[in-house]
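Nothing in this text is a laboratory measurement; each read-out follows from the coordinates by a stated rule. Keep in mind that what you see is a predicted model, and the values were worked out from it rather than measured. Please note: Cβ atoms are built from the backbone with ideal geometry, for glycine as well, and neighbour counts cover all protein chains shown.
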Amino acid sequence: MRNIVENHVEEMLEFLRYDKSQWGNIWEKLKSKFSILGEIEKSLGTPNFDKLERRNFDKFLYDYRELVGKDSIAKRIRQHSKELDLKREDFITFLGVFPKSVDWIVVEENEKKVVFENLYSLWEKGELNKVSEAVFQSIVHFRKGELMGNFYNKEKIFEEINEFLAKKEKDKSFMKCICEILYEKVPYYDWVGFYMINDEGVLELGDFVGEPTEHVKIKIGEGICGQAADLKKTFIVQNVLKETNYLSCSPKVKSEIVVPIFKNKEVIGEIDIDSHYVSPFDERDKKFLEGICSMVSDYLDK
Ligand code: SME
């Protein structure tokens, strides 16, 4: 059985041992060795070797050896393989170099899907140190059926949103504004809304962005929202199909995160986020959304 992650970066950089005039020929040789390169060319076009500079590849190779060499890239994919329902036989991840600005692309080889990870493109964007995360992210998107994409840096997105909200006037549109900016800026947040505890002690839908939901009122303990309020803690469900106490809003939803809003240690409401991806959330989402909820708590206090 093939490995889930195959690293061919050094082999692909073989052309660096030759004069630049030979690079086109070496590329042809590489294409006969790795048939997927021909497939990638069909989508991205042939690299223009005349325009590429040796010193960039040299720098890339230096950084690659520093940053990637010993990284265990397959670890995170394996950790989440249950939720992702990925079988080793279904696909492989191929780490390589393709001098075009696309971070990952899916091609087929002998009826097997290959997720090609373009480390050169990641390097050009200054994100090579995020390679493990970039690979995992591409698998999450591939699992949804996407065939090409670029890495997005969660930390940067969360930082930008925090900066924007810190400056934003805290008027009555504040909670709606949070829904809108989260929905717009985070690629895998596909429904964002607030449920607040009403006079009857039930969670009631407030501001939201995304498709309308039939779950306008949710009892404490019911569904993921009700459980988060009941247990007073953040709930992450990476694959809703594997959760029994779950209220479905749409078959498109694959995962969910719910974070309570506290006032004097009591839950007064929560933020609920649905995603169309399996396993897109991690500790950073939790921390970021807990920060948003504490901002909302302060706002409601005034
Ligand atoms: N899925 C939620 C219900 C609310 S919707 O996601 C908008 C739950 O299980 O509580």
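Annotation for the stretch 61-159: trypsin sites (Lys or Arg not before Pro) lying in DSSP loop with at most 13 further Cβ atoms inside 10 Å of their Cβ are K70, K87. Entry note, the stretch 4-126: relative contact order of 32 percent, from Cα contacts under 8 Å with a spacing of 6+ residues. In degrees, nearest 10, range 0 to 90: what is the angle between the Cα axis of helix 174-185 and the longest Cα principal axis of the chain? Helix 174-185 and the main axis of the chain meet at about 20 degrees. Considering only alpha-carbon pairs that sit under 8 angstrom and 6 or more positions apart, the relative contact order computed for the chain is 13 percent. For the stretch 14-66, applying the loop criterion from DSSP together with a ceiling of 11 other beta carbons within 10 Å to the chymotrypsin sites (Phe, Trp or Tyr not before Pro) yields Y18.
Adding -39500 (n - 2.57) for every DSSP H run of four residues or longer, then dividing by how many residues the chain holds, sets the calculated 222 nm ellipticity at -12000 deg cm²/dmol. Return one number: the angle in degrees, 0 to 90 and rounded to the nearest 10, between the long axis of the Cα atoms of helix 131-143 and the longest principal axis of the Cα atoms of the chain. Once rounded, one gets 70 degrees. Among the listed pairs K176/K232; K172/K302; K167/K232, those with a Cα-Cα distance over 19 Å are K176/K232; K167/K232. Measuring against 19 Å, Cα to Cα, the residue pairs K87/K112; K59/K130; K168/K265 contain K168/K265 as the ones spanning a longer distance. Orientation-averaged projection of the stretch 5-149 equals 8.3 nm² [convex hull of Cα atoms, one quarter of hull surface area].
Bridging of K20 to aspartates and glutamates at a Cα separation below 12 Å is possible for D50, E53, once same-chain residues fewer than 8 apart are set aside. Less than 17 Å apart at the alpha-carbon level, and either on another chain or at least 8 residues along: which lysines does that give for K31? Once the sequence-local lysines are set aside, what remains near K31 is K42, K100. Between the helical axis of 54-67 and the longest alpha-carbon principal axis of the chain there is an angle of about 50 degrees. The GluC sites (Glu not before Pro) of the stretch 148-240 that DSSP puts in a loop, and whose beta carbon has at most 14 other beta carbons within 10 Å, are E169, E200, E214.
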